[in-house]
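The values are calculated or read from the model by the stated rules, or taken from the named source; none is laboratory data. As the structure is a computational prediction, the values presented were derived from the model and not from experiment. Every residue, glycine among them, receives a Cβ derived from its backbone with ideal geometry; neighbour counts consider all protein chains shown.
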Amino acid sequence: MYTLLYGVVIVVLVALMARLLSRQERRRQEAPGLAGTMEYRTDLPIDDCIDRMRAHTEEDVFLYTCDREPDGSYLLHFTLHRPTQQPVDTLYALRMEQGRRTVITLMFLKEAFGYKEPVFLEDVLNEFMQKKLDAQRTL
């Protein structure tokens, strides 16, 4: 009797662990990974970076919004590529870390149409970060 009970408990535990591991793997695959992550460094202090991101100018490559999230990161939402007038609906998570140089990390989240990659090239985003924050790409 006890052997049967122990066997059922072990089967339930194995099934529970398999379910938890599959959920963790699915979450890991859905999270932005190295392919969708870019890192920049700038000599500007973090406060200046935030101020520059909030200030929109005619020289900006994109029309965008940059809203603070509860976890301290920012949600960067590109809506229009100005030179081509191409509408875009791309979301990035933006994080800034202060050090000798400010480290800015962009993690691609999603495109409005469900694309797994941004519709514009990384060179365009690099140009935006260079003009906006005097930031050089490191990753």
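Some observations on this one:
- In the range 66-97, the qualifying residues are those that are exposed (fewer than 14 other Cβ atoms within 10 Å of the Cβ) and β-branched (Val, Ile, Thr), and the one that is nearest to the chain's Cα centre (by Cα) is THR79.
- Taking the criterion of being of a type in the set (S, T, N, Q), part of a loop (DSSP other than H, G, I, E, B) and in contact (Cβ under 8 Å) with a residue 24 or more places away in the chain, the only residue of the range 79-123 that qualifies is GLN98.
- The condition of being of a type in the set (Gly, Ala, Ser), modelled with pLDDT of 90 or more and either in contact with a Ser or Thr (Cβ under 8 Å, 6 or more places away or on another chain) or within 13 Å of LEU44 (Cβ to Cβ) (or both) holds for only one of ALA112, ALA135, that being ALA135.
- Within the range 37-78, restricting attention to residues that are hydrophobic (A, V, I, L, M, F, W, C) and assigned to a strand (DSSP E or B), the residue that is nearest to THR102 (Cα to Cα) is MET38.
- Flag if PHE120 is in contact with an Asp or Glu (Cβ under 9 Å, 6 or more places away or on another chain), of a type outside the set (Lys, Arg) and surrounded by 14 or more Cβ atoms within 10 Å (Cβ to Cβ): no
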